[in-house]
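Working notes, beginning with the structure itself.
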Amino acid sequence: MKKLFYTLMMLFISLTLVAQEKETKEYTNFISCEVDGKPFKAEARKMKIPISGFEYLGLAAFQVGPDISVWITLYYLSGNLKPGTYDIVSEEYIENKARKKAEENLVWALIDYTEETKGLGHAFHDGESMSGTLTIEEIGDKTIKGTFEATLKGVYYKKRAVATMTGSGIKDNLWDKAVTKAGGGMLVSGPHDHDNTKKSKETDTIVLTNGNFYLDWNKDEDKAK
């Protein structure tokens, strides 16, 4: 019991410091937008996503307290990622229709969103990529800048009853938050991977407006060497 209390205290201090830093820090690499009219802006990074058949560029930004993330994923055929405006599509479209329409559309954009609505990963309100547009204003070998407007399918996740009763996953979630300082979402392979949760049938719509993003991953790749 004392160990759990100590862990919770350390987590509280860590998240408080991060929240204070978030309020004052201006990020060089970022994704920003309004989520149903509410402003969001957080530091962004280049993600690694398990995918075959296309080249891709994955960007994601994470905020703590509550844990929120916005993901931008661009799938494309080699050499076709250029300045321009592209349709935002669904994951289902990428899986079922994109290859058949490769000659018509050479770049496919996805925007996804997730927000922890109940602490310790007990509930989430997610936005699954559905429609909109994304504009690439500038792109280099290791930089990208652009804007977006997106309408997402809102879905809800709740902690499974067994997981709630047994407390399974809470320790891992606490550890993830303490280590990453941005919630367990930074450690998963996608925005909608929520351990020990069940997707409900309830749906709504999430609208992202005034979206902007910029990322320079030269420094990140230099650190990895």
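In what order do Asp67, Asp126 fall by count of nearby beta-carbon atoms within 10 Å, going from fewest to most?
The order, fewest Cβ neighbours first, is Asp126, Asp67.
Show me, for the stretch 201-213, the HN-Hα J-couplings you get by feeding each phi into the Karplus relation (A = 6.51, B = -1.76, C = 1.60, θ = phi - 60°), rounded to Hz, glycine and proline as x.
Along the stretch 201-213, the couplings run 8, 5, 9, 7, 10, 10, 10, 9, 10, 6, x, 9, 8 Hz.
Put a dot 7 Å past each Cα toward the Cβ at Glu138 and Lys198; how far apart are the dots in nm?
5.0
For the stretch 45-87 and the stretch 187-218, write down the distance between their C-alpha centroids in whole Å.
That distance is 11 Å.
Around Ile49, with a cut-off of 14 angstrom between Cβ atoms, what is the net charge of the other residues, counting Lys and Arg +1 and Asp and Glu -1?
-2
Of Glu34, Glu95, how do they rank once you tally other Cβ atoms within 10 Å and put the fewest first?
Arranged by neighbour count, lowest to highest, Glu34, Glu95 become Glu95, Glu34.
Would you tally the net charge around Phe124, using a Cβ to Cβ cut-off of less than 10 Å, leaving Phe124 out, and scoring K and R as +1, D and E as -1?
Overall, the nearby charge balance is 0.
Coordinate-derived values only; no laboratory data. Model, not experiment: these values are computed from the prediction. Don't worry about glycine lacking a Cβ; one is built from the backbone with ideal geometry, like all the others, and counts go over all protein chains shown.
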